[in-house]
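Step one of this worksheet: look at the structure below.
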Amino acid sequence: MASSTLTERDPSLTGAPAPLAAPAVELRGAGRAFGAFRALEEVALAVHPGERVAILGPSGAGKSTLLRLANSSLAATAGEVRILGHDPQRLAPRALRALRARIGSIYQQLHLVPQASALENVLMGRLGRRSAIGTAVAALRRADREEVRDVLARVGIAHKLDERVDRLSGGEQQRVAVARVLYQAPDVVVADEPFSSVDPERSAAVLALLVEAARGRTLLLSTHQLEPVLPHFPRLVGLRAGRVVFDRPREQVTSADLALLYQPEEATRSQEPRRVLVPGRPEPRPGREGSELRIGASTTPGDHLLPAAVAAFARAEPGVQLRLSVASTADTLRGLREGRFDLAFVGARPHLDGLHFEDWADDEIVLVAPADFGGLPVPLHASLVARLPRVDREPGSATRAVVEAQLASLGAPLDPSAAVVEVGSVGALAAAVARGLGVGFASRRAVRAALRDGRLQEVPIDGVRVLRGFFAAWREGMEPSAAARRFLWLARRAAGSGE
């Protein structure tokens with residue numbers, strides 16, 4: 001048990017710097033559960049003094065939970081957390097307060113006092129080292145006022161010293177929060193989504209202030225806005241579903257790494273084992289008694305990936321009548337659940353009870369533009385792409401849902417007002433884009449010919465790739481017939497060969 005006199009025996013809790021060899025923040029197999037929900041699982045992370053580390057990941061990945069462990073505001077329910085050489089859970093209250101005085105935090109909600117002035121909010125940065133009365137008195141002392149004025153000058157709002165925070169703009173409030181950390185002068189700065197209340201255009205300016213505030217200190221930041229962050233953070237940690245998926249120097253993190261990190265769950269590979277034999281294995285042939293096979297498909301696979309399999313199946317099984325119905329992913333899966341199809345091929349695998357999904361083919365969704373598209377620097381920033389005039393697929397389209405989810409998780413949600421038209425197929429989208437109505441998102445497999453012959457051009461997005469899978473689906477408890485298994489076998493072979 002920790003002694004209540006720890007601060008008297010341990011100089012690191014009285015302001016002396018921690019040994020450089022020890023991590024400033026260290027998680028050893030750390031986890032955090034909220035009831036049955038596990039927000040973090042077995043996280044191992046060591047951040048050393050002076051390092052700048054960005055924690056990346058989609059909403060719900062556990063980024064905020066990790067940072068709350070790192071600033072001691074939340075306790076781990078598994079493993080161990082050490083901050084500046086100490087386990088917060090083993091410290092007595094006095095020692096814990098001394099430790100927290102050395103950690104500066106900027107939250108999404110900022111946690112400013114709206115009725116208080118900028119001066120008073122900045123002074124609260126030292127509440128860990130002085131009493132509330134001492135803080136109130138400091139607001140009246142000329143020396144303290146001048147010190148705070150200097151700090152506010154560093155973030156560009158010295159003239160707002162006595163202004164109430166609730167009368168400041170969102171960007172000015174963000175600067176007050178940064179100034180509070182500057183005034184606190186901590187050893188570790190933890191910033192949780194610090195751009196959430198700032199327009200994209202202002203993010204770079206706020207980030208520059210934050211990096212300046214943390215100069216010479218450990219800076220741990222969570223974000224889903226990659227554009228302003230990447231140039232300033234030499235180390236990136238990717239977090240997904242509460243687990244670290246990569247921890248690398250910035251130069252070693254690829255666009256494919258980021259694509260998989262932010263890939264919507266319904267577009268990722270299925271975790272269910274395949275129940276149908278893979279291509280190349282012996283496969284029983286269906287009978288020839290005039291049987292029927294009913295296939296449902298969403299528009300991209302139905303129009304662009306399945307025709308080769310349909311032709312191969314017709315040649316191989318002339319006694320089976322094949323019926324292929326093409327609609328949106330939502331309508332196709334509804335038909336499958338209602339028993340109108342024996343087998344379905346779709347571009348997403350939403351969580352639907354009673355359906356089994358298997359991987360079928362891989363794909364990438366790309367941004368396409370007219371052949372004469374130009375005048376903008378490429379690769380385009382995601383925030384710019386979100387505002388460009390756009391041709392959208394129809395509601396219920398998996399392509400549209402996957403793109404919207406991934407760009408939203410990257411902090412660049414598509415602007416609904418930028419959509420000029422909605423279309424019901426990839427062919428209609430390609431034609432509308434080619435005629436200059438706007439840019440559009442489409443399956444690379446589906447627009448391959450249009451890209452090759454120059455009717456469309458692919459426009460890269462800086463740091464963004466949208467990967468997704470195609471899936472075969474059928475009802476649980478209704479094993480596919482021999483004809484359905486034969487068709488899936490042929491569909492996998494056709495998709496794998498690029499036919």
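Data table
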{"read-out": "Among LEU236, LEU324, ALA450 - extreme Cα towards positive end, dipole of the chain, charges at beta-carbon", "value": "LEU236"}
{"read-out": "Hz values of 3J(HN,Hα) by residue in region 37-54 - Karplus curve (6.51, -1.76, 1.60), Gly and Pro given as x", "value": "7, 9, 6, 9, 9, 6, 7, 10, 7, 10, 10, 8, x, x, 6, 10, 10, 9"}
{"read-out": "Stretch gain in nm, segment ALA22-PHE37, where the contour uses 0.36 nm per residue and the Cα spacing is subtracted", "value": "2.2 nm"}
{"read-out": "Dimensions in Å of region 302-363 - Rg and Dmax from alpha carbons", "value": "12.6, 36"}
{"read-out": "Evaluated at q = 0.10, 0.14 Å⁻¹: base-10 log I(q)/I(0), Debye formula over Cα of region 294-415", "value": "-0.42, -0.73"}
{"read-out": "Computed lengthening from ARG154 to ARG215, 0.36 nm per intervening residue step minus Cα-Cα distance", "value": "20.6 nm"}
{"read-out": "Carbon plus sulfur fraction of accessible area for the chain, probe 1.4 Å, in percent", "value": "52 percent"}
{"read-out": "Per-pair calculated FRET efficiency, R0 = 35 Å: VAL420 and LEU352 via Cβ, rounded to 0.05", "value": "0.65"}
{"read-out": "The chain: calculated mean residue ellipticity at 222 nm from DSSP helix runs of at least 4, using -39500 (n - 2.57)", "value": "-8500 deg cm²/dmol"}
{"read-out": "Bridge type composition, the chain - antiparallel percent by DSSP, nearest 5", "value": "55 percent"}
{"read-out": "Long-range amide H partners of ALA191 with built H, under 5 Å", "value": "ILE106, LEU220, LEU221, SER222"}
{"read-out": "For the chain, accessible area per residue (1.4 Å probe, heavy atoms of protein chains only), Å²", "value": "44 Å²"}
{"read-out": "Under the Karplus curve 6.51 cos²θ - 1.76 cosθ + 1.60, θ = phi - 60°, whole-Hz ³J(HN,Hα) for region 422-434, x wherever Gly or Pro sits", "value": "10, 10, x, 7, 5, x, 5, 5, 4, 5, 5, 5, 4"}
{"read-out": "Gain in span if fully extended, ARG315 to ALA256, counting 0.36 nm per residue against the direct Cα distance", "value": "17.4 nm"}
{"read-out": "Nearest 10 degrees, 0 to 90: helix 482-497 Cα axis against the chain principal axis", "value": "60 degrees"}
{"read-out": "Relative contact order for region 367-456, counting Cα pairs under 8 Å that sit 6 or more residues apart, in percent", "value": "43 percent"}
{"read-out": "At 1.002 mPa s and 20 °C, Stokes diffusion of region 401-497 via Kirkwood alpha-carbon radius, µm² per second", "value": "131 µm²/s"}
{"read-out": "Karplus (6.51, -1.76, 1.60) ³J(HN,Hα), θ = phi - 60°, over region 291-303, in Hz, Gly and Pro reported as x", "value": "6, 10, 10, 9, 10, x, 8, 6, 5, 5, x, x, 8"}
{"read-out": "Under-5 Å amide H pairs with ASP362, H placed in peptide plane, nonlocal only", "value": "PHE470"}
{"read-out": "Cα→Cβ-extended label distance, 7 Å offset, between THR268 and GLN109, nm", "value": "2.9 nm"}
{"read-out": "Cα-based equivalent ellipsoid, the chain: semi-axes from gyration tensor eigenvalues, Å", "value": "54, 27, 17"}
{"read-out": "Interchain or long-range residues, amide H under 5 Å from ARG465's placed H", "value": "ALA259"}
{"read-out": "Sparse-neighbour loop sites [trypsin sites (Lys or Arg not before Pro); region 375-470; at most 12 other C-beta within 10 Å; DSSP]", "value": "ARG435"}
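The values are calculated or read from the model by the stated rules, or taken from the named source; none is laboratory data. Everything quoted here is computed from the prediction, not taken from an experiment. Because the Cβ atoms are built from the backbone with ideal geometry, glycine has one as well, and the counts that use them run over all protein chains shown. The area values use the complete protein model at the heavy-atom level, side chains included, leaving out ligands, DNA and RNA. Shrake-Rupley method; radii C 1.70, N 1.55, O 1.52, S 1.80 Å.
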